[in-house]
Amino acid sequence: MNKPKYFLYARKSTEEDDRQVMSIEAQLFELREYARKENLEILEEFQESKSAKTPGRPVFNEMMDKIEKMGNVGVLAWHPDRLARNSIDGGRIIYAVDQKKIVSLRFLTFWFEPTPQGLFMLQVAFGQSKYYSDNLSENIKRGVRQKLRRGEWLNLAPFGYVNNPKIRNIEPHPVNAKIVKRAFEEYATGKHTYVSLVQFLADLGVVSRNGTPLAKVSIKRILTNRAYLGFIKHRGEWFEGNFEPIISPSLFEAVQRVLKDKEKPSGKKRKKHDFPFTGLFRSGECASMITAQYAKGNGGVYRYYRCSKKKGVCSQGYVQEKDFAEQLRKRLQTISLCERYTDWMLKQVDK
């Protein structure tokens, strides 16, 4: 068999930028140097910054597609965990070795031969990588649960608070906390809308990152955020926090009542007019929908139809409903159905 040519693969996890064992650049340097010393011909290099915990890495899949199509290919990587940390990708590599698509696997920190014992050791290495990922995930979840039990804030502090690394929690910001409380007090009066409160906060220097006034949705998020009562939200549930609240429960409830009242639909219902032909026809000139209105004339009030002119200028005039109905009747008289369809429709009407 001809000496295989190698695909070089280097990977790092984007979510682990601050604690990578080796950067991609370092991996590439070491692997290229190893290939030079071992006289290995590198056919193509693949590199990506993506976690291998779950399937779906585009560059890895591209490399495997080429391997499965070409066959008689070698793969060079720093360690098996650079190739896979999940059972699907690991199984794909092992199957490619089993099918002689991959005829050589070279690692700088792991020894492998394409023998039954070598495949077993490779499976163990992939299993260890998966175990590490699963165990890391469980440790993170356990850490989150422990922080919740201690009442510690989990991530970046909301506006009005500041993260304090010394106590591993958040505490009220000396200025912004007062602004948050003032915003709640102002809105509780019932005199503000979202727009006016946006301006009120802008006058106090509270704007978005690009310097523009806050969006209305940001105002609502502030006014409904129970973090200001001393609670922590995690996965849709609220937990009691061990940090100082900014506002009192009574003030928070007062604001919620105002929000609820303002979101109620007004008692005045729009009167619905009885225009039977609207929503059915378009102007033959401009294709805009036909609308209707009441108008006085000849001692009475009549319904008239006209073009809405939503698509531009239209020269069609007003048509009284009785004239419109007569035009429609004449048009319908030109349409006929064959007898069997007529009989079927009449039977359906009887049902």
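Where a number appears in this text, it was derived from the coordinates with a stated rule and is not lab data. Values in this document were obtained by computation on a predicted structure and should not be read as measured data. Glycine also receives a Cβ, built like all others from the backbone with ideal geometry; neighbour counts cover every protein chain displayed.
Overall size of the chain from C-alpha positions, given as principal axis extents largest first: 105, 72, 45 Å. With a threshold of 22 Å on the Cα-Cα distance, the over-threshold entries among 181/233; 37/101; 50/233 are 37/101; 50/233.
Sorting 32, 282, 235, 149 by the number of Cβ atoms found within 10 Å of their own Cβ, with the fewest placed first, yields 235, 149, 282, 32. Computed from the alpha carbon atoms alone, the convex hull of region 290-350 holds 161 Å³ per residue.
Dividing the summed helix terms, -39500 (n - 2.57) for each DSSP H run of n ≥ 4, by the number of residues in the chain produces a 222 nm estimate of -13500 deg cm²/dmol to the nearest 500.
Of all DSSP bridge pairs formed entirely within the chain, close to 55 percent run antiparallel. Within the straight-line cut-off of under 28 Å between alpha carbons, the lysines reachable from residue 296 are 268, 269, 271, 272, 309, 310, 311, 322, 330, sequence neighbours fewer than 8 places apart in one chain being disregarded. Net charge near residue 336: determine it from the other residues with C-beta under 15 Å of the C-beta of residue 336, scoring Lys and Arg +1 and Asp and Glu -1. Cβ neighbours under 15 Å give a net charge of +2. For region 161-263, what class follows from the C-alpha gyration tensor (a ≥ b ≥ c being the square roots of its eigenvalues): rounded when a/c is under 1.5, otherwise prolate if a/b is larger than b/c, else oblate? Oblate, since a/c reaches 1.5 and b/c is not below a/b. Counting only other residues whose beta carbon sits under 12 Å from that of residue 252, what net charge do I get with K and R as +1, D and E as -1? Summing Lys/Arg as +1 and Asp/Glu as -1 gives +1. Looking at region 8-101, the pairs of alpha carbons with a distance over 21 Å make up 30% of the total.
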